[in-house]
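Asks: Take a look at this one; I'll ask things after.
The values are calculated or read from the model by the stated rules, or taken from the named source; none is laboratory data. What you see is a predicted model, and the numbers here were worked out from it, not measured in a lab. Note: ideal-geometry Cβ built from the backbone for every residue, glycine included; neighbour counts use all protein chains shown.
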Amino acid sequence: MAIEVPTARQVRLVAAIGAGALDEPTTHLGLAHLLEHSLFLGSDCHPQPGDFAAWVGAQGGRYNAHTDEAVTDIHLTLPPDTAEAGLDRLLDIVFRPQLARNNITHEINVIEAEFQARLADPALHRQAALSRLYLPSHPAHHNHHGCRRSLGADLDQLHKALVHFHASHYRAERLSLVMLGPQPLERQLEQMTTAACSIAGGAERLAERSWRWSPPARVQWCLPLGCAPGKPTLELLWPLPVTLTAMQRLAYEHLARALGNGELATTLQQHTAITELTARLVPEANPSTLSLSLTLTPTGHRQVETVLATCQTHIRHLAKRLATAPSPLQSPDVTQHDLDTWPRTLACRLAVSQSTHQPPATDESNIEAMEQLVAWLDSEPCRVLEQSSQSTMMNDLVPETRTPFRHCPPSEHTSMPWPPRTPPYVAERKLLDDASSPAPGLIEDNDAFTLWWGGGPPVADAFYGLAWRAPVTGQPERLARWQQSTLSLRQTSAPRLVMTLGCDAHSDWLWVRGEASRLESCLTQALAAWLSCTSTEPETPTASGGLIAQRLLACLETQPPPVQAADSRPLAWVGGTPGATEALASCQRLMAQLPKTSPVPSTEVYPPCPLPTCGNIATSPTHWLASQGDDQALMLQIDAPDDSPTSQALFQLLAQCHDAAFQQELRQRRGLGYVAAVRYREAHGWPRLGYVVQSPHADITTLRDAVCDFLNAHCLALAQLDVSRFASRRASLSAQWGPPEVHTEALSRTWQALRRRKGLLAPWETQRQALTDLTPGKLAAIANALVTGALPVLWWAHSPSSPGVTDSA
């Protein structure tokens, strides 16, 4: 499949194979995951482990891979002029990997270390608890991440199984290939066809996808001892028929969207029962599943039976209501898709559909499909997955993960559901007539606020951004309460408006895009909700998800930048169908809602954390994260000297130069751990680098010495590029920094630049000029400043026996 996006700066390539974890033999659980790892350990045309990563990094691209139940995908992003070479290399590692026996032992150790680290990850335990709702005879009942024990002790047998699994399934019949880029469709299809023409066929037949669900049941679970308590959650899961017609699938998608229209959220929030509600169709599972997920408040947790009864009653009534609605069923608007995730989603769906029975196309109507949906929901009750805080009531453990759980009888509707409530109303307002349309720019700059005009029609959507200074102390808790209090409003406005809330060191902010006549009503209600979120009472710590290395990298973005904006006046940016006169009048009305005086105390400080300092890297301050799991992890944070586009470009180029070599040195040559990476992040616009490594065995001193050794030996050498290589690196960064790929990106980038008081309506033009002015000497100079201690640095560390200091992130 080819997707032409003429404004795309980069090309996205995805190869998906319609075989995954559920297709592996029971004697080697985790084999599909091990194969995914092994694809990157050398191929026929590029035999050295790490060749693929080094080449992608040299182009300024990025890549990743994922093993799911029924599909394995490898996806990468590259500059458009490298698409052909990228396709060749992608298909080379997927279909012609070496799978050398002597490389497997190392990857088994990596997978074992990943598994041990994930035992502290709530997502793993949630999946383990979910598997208790499946039939014990079904492969999904078991954990397929893999570990040393599940893969087996016989290396020869494991190697044979790995080679056989690849030979059986990594064939033309299983391949789905998707490209998204600026090239014409015909050119993309030609490139893919040429690259894929030599792929051999002959895939073995996959086992039939059988029904996985046990009879309707309810499973309660909690995190093991030693993990921070998680927030109570409630998931209602409706399995769908194994085979669905296109119209039936559209009916279920329509129902999932309707569940998020604010009506159910309003009903539950009226009783202070939830903080978040998400409804979605999970098409990757077999069968597909309709999922309703709730994050409960303590009040909601105490009334969980009533919450269940309310949700189950609501979905039945909603389905019947939709079945009689005359409006046609429609697919979601494709313009809302993210260009990075959309090709991967399509590739995975294509790969799965090739491997499963698809019912023939029918001429069924909307009404008929919705009536079938109603009948199915009546005949197939939902399954319930409930996460509680740690409790002695859990009387069993999932064998592979030691997740505490217990089976409860299904809900019998002993509780009466709460009566439905009307969601918030986003009123229309008659707009002022305004024939004038000034050029985009600053149109009001007074002592009370600053107003930027974004231009009038033919902008696709009207938009309105509002930002104001607010206390940084208690900011995460305030944002959580604000998001909770606006949940119904955000969902109610979904068909017409898209609303986003945020906060950082610069400001709290509110962004709404959509129907012009409803913008002010939406903003007024959201501002009123913000004003009610004034308490700074900290919330109970909850479990952190993902690998420790991911937590470390998140600190690069959550810690405040070194310098704050001096201008504390509220700021607004308006554009689209309302005129400039209407924008000014509306802005004046909204500003009257904000406090008259600055709410930011002059003595305010950020949560305790050592500040980055210049000097000897090895002896720089260290901040310890709260303990999570048994791994050691370390990250060196490096702050840029300023937040200019030049510094942003130089730090991204430095990350490109160092990443592959850092991974090769610490992970492959020294064998210190299974995560070793150099990543670029921004702290509210301020450039930062993180050199991060996570290890199951090496202590913090060893990891610190290894990072310092790498920088002393390679930092400057890797950054000294000749003219040709520098031009190539700069061109790849230009592809990332160029003009916006889609309209929503243009709005987002402009809004963030204005919020940071950059005063730019086209920030990418300034970035382009900064790239033009870069030279190899400037890159070498920033690398030299790093190794000589001229840049501010800070260590972040994690140990099972951390010194008791918790991370403010």
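Asks: List the number of the failed condition for Gly456; all other conditions in (1) modelled with pLDDT of 90 or more; (2) crowded, with 19+ Cβ neighbours inside 10 Å; (3) over 32 Å from the mean Cα position of the chain (by Cα) hold.
Replies: Of (1) modelled with pLDDT of 90 or more; (2) crowded, with 19+ Cβ neighbours inside 10 Å; (3) over 32 Å from the mean Cα position of the chain (by Cα), only one is false for Gly456: (1).
Asks: For the range 88-95, state whether one or more residues are in contact with a Ser or Thr (Cβ under 6 Å, 6 or more places away or on another chain), at pLDDT 90 or above and not small (Gly, Ala, Ser).
Replies: Within the range 88-95 (the criterion being in contact with a Ser or Thr (Cβ under 6 Å, 6 or more places away or on another chain), at pLDDT 90 or above and not small (Gly, Ala, Ser)), the answer is yes, since at least one residue qualifies.
Asks: Is it fair to say Gly629 is assigned by TED's automatic domain parsing to the domain that holds Leu779, modelled with pLDDT under 95 and in contact with a Ser or Thr (Cβ under 6 Å, 6 or more places away or on another chain)?
Replies: No, not satisfied.
Asks: Of the conditions (1) assigned to a helix (DSSP H, G or I); (2) more than 24 Å from the chain's Cα centre (by Cα), His271 clears all except one; give me its number.
Replies: For His271, the exception is condition (1).
Asks: Could you give every pair whose Cβ atoms fall below 8 Å, whose first residue belongs to the range 28-46 and is more than 14 Å from Arg101 (Cα to Cα) and modelled with pLDDT under 95, and whose second residue is assigned to a helix (DSSP H, G or I) and acidic (Asp, Glu), counting only separations of at least 6 or pairs across chains?
Replies: Listed by first residue and then by second, the contacts come to Asp44/Asp92; Cys45/Asp88; Cys45/Asp92; His46/Asp92.
Asks: Also, I was wondering about something else. Report, ordered by the first and then the second residue, all pairs with beta carbons closer than 9 Å, sequence separation of six or more or different chains, a first member in the range 316-339 that is modelled with pLDDT under 65, and a second member that is surrounded by 13 or more Cβ atoms within 10 Å (Cβ to Cβ) and β-branched (Val, Ile, Thr).
Replies: From residues that are modelled with pLDDT under 65, the pairs are Thr335/Val742; Thr335/Thr744; Gln336/Val498; Gln336/Thr744.
Asks: Sticking with this one: Of the residues that sit in the range 146-162 and are under 24 Å from Asp396 (Cβ atoms) and surrounded by 19 or more Cβ atoms within 10 Å (Cβ to Cβ), which one is farthest from the chain's Cα centre (by Cα)?
Replies: Ser150
Asks: Take the range 265-284 and flag every residue that is of a type in the set (A, V, I, L, M) and under 16 Å from Gln483 (Cα atoms).
Replies: Ala265, Leu268, Ala273, Ile274, Leu277
Asks: His314 fails exactly one of the following numbered conditions: (1) touching an Asp or Glu at 6+ places or on another chain (Cβ under 9 Å); (2) surrounded by 21 or more Cβ atoms within 10 Å (Cβ to Cβ); (3) assigned to a helix (DSSP H, G or I). What is the number of that condition?
Replies: Answer for His314: the failing condition is (2).
Asks: For the range 617-663, what are the residues that are touching a residue at least 40 places away in the same chain (Cβ under 8 Å) and β-branched (Val, Ile, Thr)?
Replies: Ile617, Thr622, Ile638, Thr646
Asks: Within the range 529-545, is even one residue buried (at least 18 other Cβ atoms within 10 Å of the Cβ), more than 21 Å from Thr266 (Cα to Cα), hydrophobic (A, V, I, L, M, F, W, C) and modelled with pLDDT under 90?
Replies: No, every residue in the range 529-545 fails to be buried (at least 18 other Cβ atoms within 10 Å of the Cβ), more than 21 Å from Thr266 (Cα to Cα), hydrophobic (A, V, I, L, M, F, W, C) and modelled with pLDDT under 90.
Asks: Mind listing whichever residues of the range 159-217 are among the hydroxyl-bearing types (Ser, Thr, Tyr) and either assigned to a loop (DSSP other than H, G, I, E, B) or more than 26 Å from Thr341 (Cβ to Cβ) (or both)?
Replies: Ser168, Tyr170, Thr194, Ser198, Ser210, Ser214
Asks: Would you please list the contacts, defined by Cβ atoms under 8 Å and residues six or more apart or on different chains, that run from a residue in the range 739-756 that is of a type in the set (S, T, N, Q) to a residue that is not in a helix (DSSP H, G or I)?
Replies: So the pair list comes out as Thr744/Arg513; Thr750/Gly454; Thr750/Trp573; Thr750/Leu760; Thr750/Leu761; Thr750/Ala762; Gln752/Gly685.
Asks: Pick from Ala123, Ala117, Ala113: which is surrounded by fewer than 17 Cβ atoms within 10 Å (Cβ to Cβ), farther than 16 Å from Ala32 by Cβ, modelled with pLDDT under 95 and under 24 Å from the mean Cα position of the chain (by Cα)?
Replies: The unique qualifying residue is Ala123.
Asks: Picking from Ile74, Ile3, which residue would you name as being among the β-branched types (Val, Ile, Thr), closer than 23 Å to Asp338 by Cβ and surrounded by fewer than 22 Cβ atoms within 10 Å (Cβ to Cβ)?
Replies: Going through Ile74, Ile3 in turn, the sole match is Ile3.
Asks: Out of all the residues in the range 245-268, which are part of a loop (DSSP other than H, G, I, E, B) and surrounded by 20 or more Cβ atoms within 10 Å (Cβ to Cβ)?
Replies: Of everything in the range 245-268, just one residue is part of a loop (DSSP other than H, G, I, E, B) and surrounded by 20 or more Cβ atoms within 10 Å (Cβ to Cβ), namely Gly262.
Asks: Also: Any residue in the range 698-716 that is assigned by TED's automatic domain parsing to the domain that holds Ala661 sitting within a Cβ distance under 8 Å of a residue that is basic (Lys, Arg) and surrounded by fewer than 20 Cβ atoms within 10 Å (Cβ to Cβ)? List the pairs, counting only those 6 or more apart or interchain.
Replies: Between residues of the range 698-716 that are assigned by TED's automatic domain parsing to the domain that holds Ala661 and residues that are basic (Lys, Arg) and surrounded by fewer than 20 Cβ atoms within 10 Å (Cβ to Cβ), the close pairs are Ala706/Arg670.
Asks: Among all residue pairs at least 6 apart or on different chains, which show Cβ distances below 9 Å where the first residue, located in the range 153-167, is touching a residue at least 12 places away in the same chain (Cβ under 8 Å) and under 20 Å from Gly20 (Cβ atoms) and the second is among the hydroxyl-bearing types (Ser, Thr, Tyr) and in a helix (DSSP H, G or I)?
Replies: Filtered contacts from the range 153-167: Ala161/Thr27; Leu162/Ser38; His166/Ser38.
Asks: Take the conditions outside any helix (DSSP H, G or I) and either over 24 Å from Leu377 (Cα atoms) or at pLDDT 95 or above (or both) and apply them to Ala153. Does it pass?
Replies: yes
Asks: Same structure, new question: Looking at Ser214 and the list (1) crowded, with 16+ Cβ neighbours inside 10 Å; (2) on the phi > 0 side of the Ramachandran plot, which single condition is not satisfied?
Replies: (2)
Asks: From Leu791, Leu774, grab the single residue that is in contact (Cβ under 8 Å) with a residue 60 or more places away in the chain, farther than 30 Å from Pro440 by Cβ and hydrophobic (A, V, I, L, M, F, W, C).
Replies: It is Leu791.
Asks: With respect to Glu186, is the statement that it is at pLDDT 95 or above and either surrounded by 19 or more Cβ atoms within 10 Å (Cβ to Cβ) or assigned by TED's automatic domain parsing to the domain that holds Leu87 (or both) true?
Replies: The answer is yes for Glu186.
Asks: Would you mind finding the one in Val219, Val242 that is within 32 Å of the chain's Cα centre (by Cα) and surrounded by fewer than 17 Cβ atoms within 10 Å (Cβ to Cβ)?
Replies: On inspection, the qualifying residue turns out to be Val242.
Residues checked against (1) at pLDDT below 90; (2) under 30 Å from Gln525 (Cα atoms); (3) outside the structural domain of Leu250 (by TED's automatic domain parsing):
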site	(1), (2), (3)
Val384	no, no, no
Pro417	no, yes, yes
Lys430	yes, yes, yes
Asp434	yes, yes, yes
Leu479	no, yes, yes
